[in-house]
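The values are calculated or read from the model by the stated rules, or taken from the named source; none is laboratory data. The structure displayed is predicted, hence computed values, not measured ones. Note that each Cβ is placed from the backbone with ideal geometry, even for glycine, and that neighbours are counted across all protein chains shown.
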Amino acid sequence: MNQILEFLNSHASVRQFTDRPITEHEERIILTSAQRSPTSSNLQAYSIISVRDQESKRELARICGEQQHVARCPLFLVFCPDLYRLSLINKEKGYPFQGEYTDLFIVATVDATLAAGRALMAAQAMGMGGVMVGAIRDRIDEACTLLDLPPLTYPLMGMSLGYPAAKPTLKPRLPVEAVCFKESYTTESRERCISEYDETMSKLGYLKGRQFEPDKYPHFRGQYSWSEHSARTLASSSPEIISGHMMPFLQARGFLKK
């Protein structure tokens, strides 16, 4: 049991990989492990696309904001909430399909997210490492075209996988009291927890040289902390941050109409 807990608490993102390939057998283990993740009503409302072709990975790297680990990883997985497969079943049986309702969108998105988490854990259990890539949504139309995605699907996240070139560094998380509450939501320990985390992240130097949109804050003279970085991110009007294209995109794909 302790070994399992140690493993679960050892996650760190990996973006640098060795030249060692991921075999088809290893890929199969990752995918079948992902399938054992929880799924609402056993609908299994997701699909996973494996990408090994080098040209496709290069194109995906461009779509993901030139993140070169996407092009260099031996295996890139794309996790897609998928109501299309279920809609075809209803059509074949002559039944109406209610896929435009918001809750089914949530069901499919949660299913895909759970599968992604399980896939990464399976890969890590075999000595691999990886990183989730949400930037695939920045040019989401292009990703859909490249991957031939039908309506009622969308690329929620990508995942670069491979054997780590170096041991990854664990990044601290917020104190557990900041995100886990007993019986009901509370902000009682919020200020203390955030202050502690700001200090921890600053001492470790994670944000050194990474100030977000510094030109917008020329008079800032305080400690550049996690909370400052996060606040600037959520205050940004950058299209890549606010992703204003997502709602019309999802509605055009058949989601979130009701």
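From the set of residues in the stretch 216-246 that are part of a helix (DSSP H, G or I) and loosely packed, with under 11 Cβ neighbours inside 10 Å, which is modelled with the highest pLDDT? Quick ask: steps written out before the conclusion?
Of the residues in the stretch 216-246, the ones part of a helix (DSSP H, G or I) are 216, 226-235, 239-242, 246.
The next check asks that each one be loosely packed, with under 11 Cβ neighbours inside 10 Å; those that pass are 234, 239.
On the way: L234: 94, P239: 83.
Step by step, filter the stretch 216-246, then rank; the result is L234.
All conditions in (1) touching a Phe, Trp or Tyr at 6+ places or on another chain (Cβ under 7 Å); (2) buried (at least 18 other Cβ atoms within 10 Å of the Cβ) hold for N90, with the sole exception of (2).
The condition of being closer than 26 Å to E142 by Cβ, in contact with a helix residue (DSSP H, G or I) (Cβ under 7 Å, 6 or more places away or on another chain) and surrounded by fewer than 16 Cβ atoms within 10 Å (Cβ to Cβ) holds for only one of Q54, Q68, that being Q68.
Here S195 meets each of (1) more than 30 Å from L88 (Cβ to Cβ); (2) crowded, with 18+ Cβ neighbours inside 10 Å; (3) not charged (D, E, K, R) with one exception, condition (2). Each residue in the stretch 170-207 was checked for being part of a loop (DSSP other than H, G, I, E, B) and either of a type in the set (G, A, S) or in contact with a helix residue (DSSP H, G or I) (Cβ under 9 Å, 6 or more places away or on another chain) (or both), and 11 of them qualify. Residue pairs whose Cβ atoms lie under 8 Å apart, separated by 6 or more positions or on different chains, with the first residue in the stretch 46-72 and farther than 14 Å from L149 by Cβ and the second β-branched (V, I, T) and part of a helix (DSSP H, G or I), are K57/V70; A61/V70; C64/V70; C64/I136. A count restricted to the stretch 52-70 and to residues that are aliphatic (A, V, I, L, M) and more than 10 Å from S160 (Cβ to Cβ) stands at 1.
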